[in-house]
1. How many of the residues making up region 110-123 are surrounded by 23 or more Cβ atoms within 10 Å (Cβ to Cβ) and more than 26 Å from residue 179 (Cα to Cα)?
2. Go through region 69-91 and give me each residue that's part of a helix (DSSP H, G or I) and free of Cβ contacts under 8 Å to residues at least 12 places away in the same chain.
3. Among the residues of region 136-150, is any within 26 Å of residue 179 (Cα to Cα) and under 10 Å from the mean Cα position of the chain (by Cα)?
4. Please state which of the following conditions residue 177 fails to meet, knowing it meets all the rest: (1) loosely packed, with under 15 Cβ neighbours inside 10 Å; (2) more than 18 Å from the chain's Cα centre (by Cα).
5. Return the only residue of 146, 134 being in contact (Cβ under 8 Å) with a residue 24 or more places away in the chain and surrounded by fewer than 23 Cβ atoms within 10 Å (Cβ to Cβ).
6. Is region 201-208 home to any residue that is under 30 Å from residue 8 (Cα atoms) and touching a strand residue (DSSP E or B) at 6+ places or on another chain (Cβ under 9 Å)?
7. If only one of 38, 107, 111 is modelled with pLDDT of 95 or more and not in a helix (DSSP H, G or I), which one is it?
8. Please specify each residue of region 152-174 satisfying the condition of being closer than 28 Å to residue 126 by Cα, buried (at least 17 other Cβ atoms within 10 Å of the Cβ) and either in contact with a helix residue (DSSP H, G or I) (Cβ under 9 Å, 6 or more places away or on another chain) or modelled with pLDDT under 95 (or both).
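The values are calculated or read from the model by the stated rules, or taken from the named source; none is laboratory data. The shown structure was predicted, so the numbers you read here are calculated from the model rather than taken from an experiment. Heads up, the Cβs are rebuilt from the backbone with ideal geometry, glycines too, and the neighbour counts pull from every protein chain shown.
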């Protein structure tokens, strides 16, 4: 198994990019709810010894693609990441209404741009094979969430943030059981759509069965 590391960040830090942001998203595939992106910047003066001396270092060693972690693992790592002194982060959220207007790829790019707006990074590391419309230098890395620490951390923050949003929607629309499937197209979700039809947070541009 490949574990994420700081190799990409360190190369950029050496070349003078002191504020490198790793970006990833959650929610491109679901039939309902927003797409959420996160940006994570690790302090360029960071060294691995900083994390090793941290009592939560064992948790940092578990940072990886959010899809490879259990919900409880994601929550635990998320809480440490968002409170760590050497990590700056931001989140961008684009609603299902905007997704329907501009399509999911463009909505994902928009969420990513929103996520680093307050961070002002000077280099972007993106998960995937696309780039976003920005004057900031950037590099796209396929499966970056499995290779690059800051992208992996961003994947966790994006996923946990979106899951929290869908849990709130579950309270508003309990008949769809968003708590369980988070809006993804499961068999149970399609059954709910057949029975109740779409609600306000369903993406009308997605196939609803």
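1. Number of matching residues: 2.
2. 72, 73, 79, 83, listed by residue number.
3. Yes: one or more hits.
4. Result: residue 177 fails condition (1) only.
5. Only one candidate passes the filter, namely 146.
6. Checking region 201-208: not a single residue is under 30 Å from residue 8 (Cα atoms) and touching a strand residue (DSSP E or B) at 6+ places or on another chain (Cβ under 9 Å).
7. So the residue among 38, 107, 111 that is modelled with pLDDT of 95 or more and not in a helix (DSSP H, G or I) is 38.
8. Selection gives 152, 153, 154, 155, 156, 157, 158, 159, 160, 161, 163, 166.
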